[in-house]
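For reference, the structure discussed in these notes is given below.
The values are calculated or read from the model by the stated rules, or taken from the named source; none is laboratory data. In this text, all values refer to a predicted model and were calculated from it rather than measured experimentally. All Cβ positions, glycine included, derive from the backbone under ideal geometry; neighbour counts span all protein chains shown. For the accessible areas, the whole protein counts, side chains as well, though only heavy atoms, and no ligand, DNA or RNA atoms are used. Shrake-Rupley method; radii C 1.70, N 1.55, O 1.52, S 1.80 Å.
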Amino acid sequence: MPTRLRLFTQQLARPAFDTPADVVAWMGAVQAQEITLSKWAVGLRMKTPSLAAVERALESGDILRMHILRPTWHYVAAEDAGWMVQISGPRIKAAWTSFARHNGIALDGSFFAQARKILEKVLPGKSLDRVELADYFTQNGLEVTDHILRYVLCCAEADGLVCSGPARGRIHTYMLMEERVKNASACPREEALFRLARLYFQSHSPASLEDFAWWSGLPISEARRAVSSLGAELSRGFFGGRELFVYTSCPAGEDPSNVVHLLPPFDEFLISYKDRSDALDPKHQPKAFNRFGTFYPVILADGKIVGNWQKTPGMKTSKLETSFFIRKHGVDRAALGAAEKRYFDFLAG
């Protein structure tokens, strides 16, 4: 079963890393639009999960939260931000411009040029949130609605101009990338494709070419070229009649039985594959994600998504609500209890 091997590559069985930055650097990118629980996506892959450690890494800029690879929020290691923006920025900017046009907002090159000048003027030496930036835009003669500002900032991320600054509680801020990320490196496109493929397959294999193309946002032709560039670093294995690529460091012959985790919504174990049937019975998909692309917190047991969980609403005590897709689910209660404890230890750590 490919999902049992993925428990190791995704750091869900025998995690190897002590710091959030090392986890994110290993994973390549971690989807992060749900700002609170996305931190758990990083923490649960650490040897000792700690919310405080994840927040310190975001505060220091070791980890950035920005739109990268695909036009959605991701955590990315600062050391990788430069070349990842280089490889994905033009596609993301085109996507955001298209979204804006679809919503009746036409933004031309002169508008973005004016917006860029304002950002370059007001951001040096500081971090600002969207409300503050909107005020500065108005003061400098450029009126922006909330929707327009969103498109402007996403495109500025895609250009490598801005990235995440230190958060103020739940409020996201922006900084100039050149100030936040020292020596953000670019590289030739073929090398960037190689790096991206290596990061994906070391942390997500076994996986298919189509899985990688979905996760990376690359056109299938470039994704195929990137996979080919890995050469002997990838082997091929058959899983249930399907041929998948397996990275050389992927452990073989190890038994990850009794591994139970409470996965946050949009977790990489589920969302980073185009074909999710290995981990999730198609008849249960509506309980894990809806047709609008919203993913829910789920229970992972021995490589399969088997139920849902949530923190008890209004309760200050350490209590969770769990439900399972089938009555006779067979999940070990002690392992489930350990998974719950791991989550609450993360919140307290």
Handout entry: Test for Ser257: is it at pLDDT 95 or above and either out of contact with any Leu (no Cβ under 8 Å at 6 or more places or on another chain) or farther than 22 Å from Phe8 by Cβ (or both)
Key = no
Handout entry: Check on Ser208, within 19 Å of the chain's Cα centre (by Cα) and in contact (Cβ under 8 Å) with a residue 60 or more places away in the chain
Key = yes
Handout entry: Some residue of the stretch 256-269 being over 16 Å from His204 (Cβ atoms), in contact (Cβ under 8 Å) with a residue 12 or more places away in the chain and either open to solvent by 50 Å² or more (accessible area, probe 1.4 Å) or of a type in the set (Phe, Trp, Tyr) (or both)
Key = yes
Handout entry: Answer residue from the stretch 43-85, given it is touching a helix residue (DSSP H, G or I) at 6+ places or on another chain (Cβ under 7 Å) and of a type in the set (Ser, Thr, Tyr) and is nearest to Arg14 (Cα to Cα) among those
Key = Ser50
Handout entry: Flag for Lys311 being without any contact (Cβ under 8 Å) to a residue 24 or more places away in the chain and either open to solvent by less than 50 Å² (accessible area, probe 1.4 Å) or under 29 Å from Lys47 (Cβ atoms) (or both)
Key = yes
